[in-house]
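J.: Can you read through this structure? Questions will come right after.
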2 protein chains.
Amino acid sequence: MADGSTLPEQNREPALTIAQVAERTGLSPDTLRYYERAGLIDRVGRTTGNQRRYAAADLAWLEFLLRLRETGMSITDMQHFARLRADGAATVPDRLAMLRAHRSSLAERIRSLRRNATALDAKIDHYEQLLTEQPETDTPA
Amino acid sequence: MADGSTLPEQNREPALTIAQVAERTGLSPDTLRYYERAGLIDRVGRTTGNQRRYAAADLAWLEFLLRLRETGMSITDMQHFARLRADGAATVPDRLAMLRAHRSSLAERIRSLRRNATALDAKIDHYEQLLTEQPETDTPA
DNA sequence: GCTTGACTTGGAGCACACTCCAAGTTCTAC
DNA sequence: GTAGAACTTGGAGTGTGCTCCAAGTCAAGC
C-alpha cells in the first residue's frame with residue numbers, strides 16, 4: 001500500500017499520529033498512552049503495524065476530558081464518566097448528574113478564588129503603601 | 001507554676017496549641033509541623049516543655065499562606081516569599097512583585113475557569129436535550 | 001534495502017504535598 | 001503523684017498524575 005495511513009479498513013478521516021495529537025492537545029505522548037491505559041479514552045485505532053492513529057472523534061473527546069481536568073476533576077472521576085459513556089445512551093442521566101455536580105463545584109471554586117483575589121488585592125495595596133509612604137524604613141511587615 | 005501556659009517570658013497572647021490551630025485553620029497538626037520544618041512559618045514559640053504555642057501573629061500569617069495555597073501557589077514559591085519576609089523590610093519590593101505576579105496569574109486562572117464553565121454549560125444543555133427529546137432511545141452520545 | 005526517527009509495551013521512577021509511625025516526653029485533671 | 005491524652009522528633013510511606021526507561025518494532029525518505 002502506497003497509501004500514507006494503513007488503517008485496517010474504511011474511513012478517510014484525519015487519523016493523527018500520537019505526536020500530532022500531543023502537539024494539538026498539549027499532552028505528552030506518554031500522557032496520551034497513560035490516559036488510554038487508564039481507560040479515559042477508548043482504545044484508539046491502530047495501523048497494521050500497531051501504531052496509534054487518532055480520529056477526529058478521539059480528539060473531541062480528549063478536548064472534553066481536558067476541560068474536565070482543567071476544572072479540577074480527578075482522573076478517578078473522569079474514569080467513571082468514561083465508563084458511563086462507554087455503556088451507552090442509558091447512562092445519559094448519570095452523566096448529566098455528574099456534569100451538573102461538577103459544574104456547581106466549579107462555580108463554588110470560582111467564587112472562592114474571587115474572594116481570595118480580593119483579599120490579595122488588599123494585601124498588595126498594603127505593600128504598595130509601605131513602599132510609597134516610608135521607603136527605606138525598617139518597619140516590620 | 002499554676003499558670004496555664006508556661007512561655008519563657010512576656011505576653012498574655014492567645015498562645016494556641018497545635019491542635020487548636022489545626023482546628024481553626026483546617027490543616028492537620030502534621031501539616032503544621034511540616035510547614036514549620038519547610039520554613040513556611042518561623043519557628044513558633046515553645047513552652048518550657050518544648051511544645052508549640054501559636055500566637056495571633058502566627059495565625060494571621062498562616063491564614064495568608066492558606067490564601068496563597070488555595071489560589072495555587074506552590075510550596076516552593078511560598079518558601080521563597082517566607083524567606084523574603086524573614087529578611088525584613090528591604091524585601092518589600094520583591095514581595096510586592098511576587099504578589100502582583102501571583103495576582104495576575106490568578107486572574108488568568110479565573111478567566112480560564114469561566115470559559116470552561118461556559119463550555120460545560122453547553123455540554124449540560126446538550127445532555128438535557130438528549131434526555132427530553134428522545135428518552136429511552138439508543139442514539140450514540 | 002537501509003537508515004533514522006517515531007512508535008510500541010510493561011514497568012519503574014518522580015515531584016508534590018502531605019500523612020503516618022515509633023519511641024519517647026509533657027500536660028491536664030483528678 | 002499518677003493516668004491518659006496530647007505533644008515531641010526524625011524519618012519512612014502514600015496518593016496523584018504523570019514521566020522516563022529499555023528493548024524492540026515500524027514508517028518514511030533516499
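J.: Taking every residue in B:51-63, how many Cβ atoms of other protein chains lie within 10 Å of its Cβ, on average?
T.: The shielding value for this peptide is 0.
J.: Amide H to amide H, which residues 5 or more places from A:Tyr54 or on other chains are under 5 Å from it, using H placed in the peptide plane?
T.: So A:Tyr54 has HN proximity to A:Leu16, A:Thr17.
J.: Distances from A:Glu108 to the same residue in each other copy, label points 7 Å out along Cα→Cβ, in nm, shortest first?
T.: 2.8
J.: Kindly provide the helix-only [θ] at 222 nm of chain B, computed as the sum of -39,500 (n - 2.57) over DSSP H runs of four or more divided by all residues, to the nearest 500 deg cm²/dmol? Don't skip to the answer; put the middle values down first.
T.: Details: 5 runs with 86 residues, N = 141.
Only helices count here, giving -20500 deg cm²/dmol.
J.: Quick check: the distance between the Cα centres of the stretch A:98-121 and the stretch A:27-87, to the nearest angstrom?
T.: 26
J.: Once you average over the residues of A:110-122, how many Cβ atoms of partner chains fall within 10 Å of each Cβ?
T.: Working: counts 6, 0, 2, 8, 3, 3, 10, 8, 0, 4, 10, 2, 0.
Mean shielding count: 4.
J.: Counting only protein heavy atoms and rolling a 1.4 Å probe, how much accessible area do A and B lose on contact, total for both sides, in Å² to 100? It would help to have the intermediate numbers written out before the result.
T.: On the way: alone 10070 and 10080 Å², together 16730 Å².
About 3400 Å² of accessible surface is lost on pairing.
J.: Which whole-Hz ³J(HN,Hα) couplings does the stretch B:111-128 yield from phi under the Karplus relation 6.51 cos²θ - 1.76 cosθ + 1.60, θ = phi - 60°, glycine and proline marked x?
T.: 4, 4, 5, 5, 4, 5, 4, 4, 5, 5, 4, 5, 5, 5, 4, 4, 5, 5
The values are calculated or read from the model by the stated rules, or taken from the named source; none is laboratory data. Owing to the predicted nature of the structure, the values given are computational and were not obtained by experimental measurement. No Cβ is skipped: glycine too gets one built from the backbone with ideal geometry, and neighbour counts run over all protein chains shown. Ligands, DNA and RNA are excluded from the accessible area calculation, which covers all protein heavy atoms including side chains. Shrake-Rupley method; radii C 1.70, N 1.55, O 1.52, S 1.80 Å.
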